[in-house]
Structures are given as C-alpha cells and as structure tokens.
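First the structure, in the form of structure tokens, and then the observations on it.
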Amino acid sequence: MFSIFKKFKDGLTKTVAAIAAKTHGLFGGRKIDAASLGELEEALYTADFGVETTTEILAEIKAAYRKDPELKGQQAAVIGAAVLRRVLTGAEGRLPDVGGSLSPDSSGHKAPPTGKNPMVIAMIGVNGSGKTTTTAKLAHRLKGEGQTVIVAACDTFRAAAVEQLKSWADRLKIEIVASHTGADSAAVAFDAWQAAKARGHDWLIVDTAGRLHTKGNLMEELAKIRRVLQKNDPTAPQHRWLVVDGSLGANSIEQAKVFHQSFGLTGLIVTKLDGTSRGGAIVGIYRQLKIPIYFIGLGEQPDDLQPFSADNYARAVFGLEA
C-alpha cells in the first residue's frame, strides 16, 4: 500500500511543489492566517482545481479556523484532503476480473472455452495524449494480473502509431493484431476481435485514431469501428475510455465533452500527471462529466500506470503521508 502511495506522491511532485511554493510551506506546520488563506486560494486555482472545488476547500478551512485560531497548516491539509475525497466520491473506476477463463483439459493443456466473448476497451483520444503508449501499459497491467489480452493497432492513420504499438508489444510480450499504415482500421478491429475470441482471451484493447482531416471524420471513424465490433458482439465495446493529457489542465474538460457527446464515454485515463503542475484538473473533469477515472499516468515506465485512488490522490496533493 505504501509503495502505491509513493507512486502517487512522486508522480504528483510538480503539482505539490507548485502549491507549496505559492503557500510558502503552509503545510509544513505554519499557522493559518488571512495571508496564508489567500496564498492557498491562488495555489489551488493555479493547479486547476477550479472555482467550485477551491471554494469548498477554502470554506471548510475557514470554518475550522474560526473555531480554532491556532489552526496549523497541517490540519488545514487534512481538511483539504477530506474535501477532495468527498468531491471524488464515485470517481474510482474498477474493471471486473474476467480472468481464469482458460482451464486445463484432461491432457493438462489449456483450451479456449466455447461461447466466451472478449471484453473490449476502446481507447479514444487526440494525438499526443499518450493513448498508444497507455494502451500497451494497460495490456501489460492486465497480463500481470493473470488475465489474457490482445491489443489492436487501429490508429492506422498516423504513420508512427502502428510501429509504436508493435514496439511496445514486443518489449512487453503482448499479443497484437496490426496491419500497415493506411489500412482500414475497422477491419483491423474486426480481425483482432476474431483472434481474441478464437484464443479465448479475456480482453481486447483497441487503440483508435486520434486525428483525421476533420473532427467529423474522426467521430465517423470511431463509429465505424464500433459498428464493426458489434457485428461480432452487440455489446462491444463494453468500455469506451478517453485518454486525456493531464498537462492540458481545465482545457481537457472541453475535449472530454466532445468525445462524450459523440461516443458515450464510460471511463477516463489521465496521463502525464508527473510532468505538470496542473494536477487538479482531474477533479474538474469528474465534477463536470461524472465519468469514472480508471487509471492515471504517473511516469514513463509500464508500472507507472496506476488505478486511480481518490484517497492516495488527495493525500499526495496536500503533502500528507499514507
């Protein structure tokens, strides 16, 4: 548990440092006063926590300060973390464990079960969000949990995307279905589903295109992939996740709205939080859309993709320990 919290703390270092710099070490034990409350308000806005969340945090700290004029910064941090946990109630997405699908036959070999369809995750997002890399990291994580997975390289419009996913798959020993740049992405998705079905795999993760000539073309391409998958399984893709770049801050909210309206998102992955001081954007995205956050990216290594934990996030942001 401590090691997981440490990943959150290390991954959110820039956000924590930015807050600490603007509050002049308030959470290190300094006593609360009017000036420090102003500093905290500015810090929370700068970190992209937004008006609603910042107002709620300040209101509760001010209420505690009125009751206890000796209130210390560390106590204020505890209050702030509690507000964040409350605001993020319901934000933690959790995948079902669909593993264990392969059972040994009488000869000891594992054979694909009959009638089992793979669960499909469609990874959606604009180029530069870390979508392709995150697809590989997610597959690696599921594989490490004992589940079977295939990835589909369906971003056939970006020259480097297919090769990038192939490289990750080779490095992490992940099964992949891919074609050449410019191939029909929906056909790749269809073939990948058939392969996952034939091999009795638990999961199919589809890396989709992030940019076409117009937004309408992109949304139509995503819709086409969905229609083709549904020829195999009317419920697919069961998960439609938007991968957003955490360094975009509040701007990612508008991006999420557009994809949600067009594709009906069921989850979010927020990446690159280790490289930004605007880590509060997670809260704004969830408040606006109420879409669960399944994972966050806290670094470049495969294991730096971590399941979102509201408690670990809130404690890390306010510099508290596990």
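Among all residue pairs at least 6 apart or on different chains, which show Cβ distances below 9 Å where the first residue, located in the range 13-37, is assigned by TED's automatic domain parsing to the domain that holds residue 68 and the second is among the aromatic types (Phe, Trp, Tyr) and at pLDDT 90 or above?
Pairs found: 16/318; 19/318; 27/318; 32/65; 33/65; 37/65.
Against the condition over 27 Å from the mean Cα position of the chain (by Cα) and small (Gly, Ala, Ser), how does residue 11 come out, does it pass?
Values: over 27 Å from the mean Cα position of the chain (by Cα): no; small (Gly, Ala, Ser): yes.
Judged against the criteria, residue 11 is not a match.
Among the residues of the range 149-161, is any within 21 Å of the chain's Cα centre (by Cα) and farther than 25 Å from residue 265 by Cβ?
Taking every residue of the range 149-161 in turn, none turns out to be within 21 Å of the chain's Cα centre (by Cα) and farther than 25 Å from residue 265 by Cβ.
Quick one: which helices (runs of 4 or more DSSP H) lie wholly within the range 6-72 and hold at least 1 residues that are at pLDDT 90 or above, more than 22 Å from residue 284 (Cβ to Cβ) and touching a Ser or Thr at 6+ places or on another chain (Cβ under 9 Å)? Step through it out loud before you land on a result.
Values: elements: 13-23, 34-46, 50-67.
Those helices (runs of 4 or more DSSP H) span 34-46.
Among the residues of the range 135-167, count how many are charged (D, E, K, R), closer than 21 Å to residue 197 by Cα and assigned to a helix (DSSP H, G or I).
Number of matching residues: 3.
Regarding residue 106, is this residue part of a loop (DSSP other than H, G, I, E, B), polar (S, T, N, Q), modelled with pLDDT under 95 and surrounded by 20 or more Cβ atoms within 10 Å (Cβ to Cβ)? Give the steps one after another, and end with the answer.
Details: part of a loop (DSSP other than H, G, I, E, B): yes; polar (S, T, N, Q): yes; modelled with pLDDT under 95: yes; surrounded by 20 or more Cβ atoms within 10 Å (Cβ to Cβ): no.
Here the answer is no, as residue 106 does not meet what is asked.
Considering only residues that are in a helix (DSSP H, G or I) and touching a Gly at 6+ places or on another chain (Cβ under 6 Å), look in the range 276-322 and name the one that is surrounded by the most Cβ atoms within 10 Å (Cβ to Cβ). Please lay out each step first, then the result.
Pass one, the range 276-322, residues in a helix (DSSP H, G or I): 281-289, 302-304, 310-317.
Now drop any that are not touching a Gly at 6+ places or on another chain (Cβ under 6 Å), which leaves 281, 284.
Working: 281: 26, 284: 21.
This residue is 281.
Does any residue of the range 227-241 turn out to be surrounded by fewer than 17 Cβ atoms within 10 Å (Cβ to Cβ) and closer than 19 Å to residue 162 by Cα?
Within the range 227-241, none of the residues are surrounded by fewer than 17 Cβ atoms within 10 Å (Cβ to Cβ) and closer than 19 Å to residue 162 by Cα.
Determine which single condition residue 212 fails, assuming it passes every other condition in (1) surrounded by 14 or more Cβ atoms within 10 Å (Cβ to Cβ); (2) at pLDDT 90 or above; (3) not in a helix (DSSP H, G or I).
(2)
From the list 211, 227, which one is touching a residue at least 24 places away in the same chain (Cβ under 8 Å), basic (Lys, Arg) and under 30 Å from residue 48 (Cα atoms)? Step through it out loud before you land on a result.
Details: 227 fails: under 30 Å from residue 48 (Cα atoms).
The unique qualifying residue is 211.
Take residue 183 and tell me if it is part of a loop (DSSP other than H, G, I, E, B), touching a residue at least 12 places away in the same chain (Cβ under 8 Å) and small (Gly, Ala, Ser).
Values: part of a loop (DSSP other than H, G, I, E, B): yes; touching a residue at least 12 places away in the same chain (Cβ under 8 Å): yes; small (Gly, Ala, Ser): yes.
Considered against the rule, which asks whether it is part of a loop (DSSP other than H, G, I, E, B), touching a residue at least 12 places away in the same chain (Cβ under 8 Å) and small (Gly, Ala, Ser), residue 183 comes out as yes.
Which residue, of 210, 249, 267, 216, is within 20 Å of residue 11 (Cα to Cα) and of a type in the set (Gly, Ala, Ser)?
249
Which members of the range 187-209 meet the condition of being assigned to a helix (DSSP H, G or I) and crowded, with 21+ Cβ neighbours inside 10 Å?
Kept after step one, since they are assigned to a helix (DSSP H, G or I), are these residues of the range 187-209: 187-198.
Across the range 187-209, the qualifying residues are 188, 189, 192, 193, 196.
Would a scan of the range 209-224 turn up a residue that is β-branched (Val, Ile, Thr), in the same structural domain as residue 271 (by TED's automatic domain parsing) and under 24 Å from the mean Cα position of the chain (by Cα)?
Restricting attention to the range 209-224, the residues satisfying the condition of being β-branched (Val, Ile, Thr) are 214.
Next, from what is left, pick out any that are in the same structural domain as residue 271 (by TED's automatic domain parsing): 214.
Okay, now just the ones that are also under 24 Å from the mean Cα position of the chain (by Cα), so none.
No: the range 209-224 contains no residue that is β-branched (Val, Ile, Thr), in the same structural domain as residue 271 (by TED's automatic domain parsing) and under 24 Å from the mean Cα position of the chain (by Cα).
List the residue pairs whose Cβ atoms are under 9 Å apart, where the first residue sits in the range 259-284 and is more than 18 Å from residue 91 (Cα to Cα) and not assigned by TED's automatic domain parsing to the domain that holds residue 53, the second is polar (S, T, N, Q) and surrounded by fewer than 24 Cβ atoms within 10 Å (Cβ to Cβ), and the two are 6 or more positions apart or on different chains.
From the range 259-284, the pairs are 272/247; 274/13; 275/247; 276/247; 277/46; 277/247; 278/46; 278/247.
Would you check if there is a residue in the range 2-23 being of a type outside the set (Phe, Trp, Tyr), surrounded by fewer than 18 Cβ atoms within 10 Å (Cβ to Cβ) and in contact with a His (Cβ under 9 Å, 6 or more places away or on another chain)?
No; the residues of the range 2-23 include none that is of a type outside the set (Phe, Trp, Tyr), surrounded by fewer than 18 Cβ atoms within 10 Å (Cβ to Cβ) and in contact with a His (Cβ under 9 Å, 6 or more places away or on another chain).
The values are calculated or read from the model by the stated rules, or taken from the named source; none is laboratory data. Predicted model, so just to flag it, every value in this text is computed and none were measured. All Cβ positions, glycine included, derive from the backbone under ideal geometry; neighbour counts span all protein chains shown.
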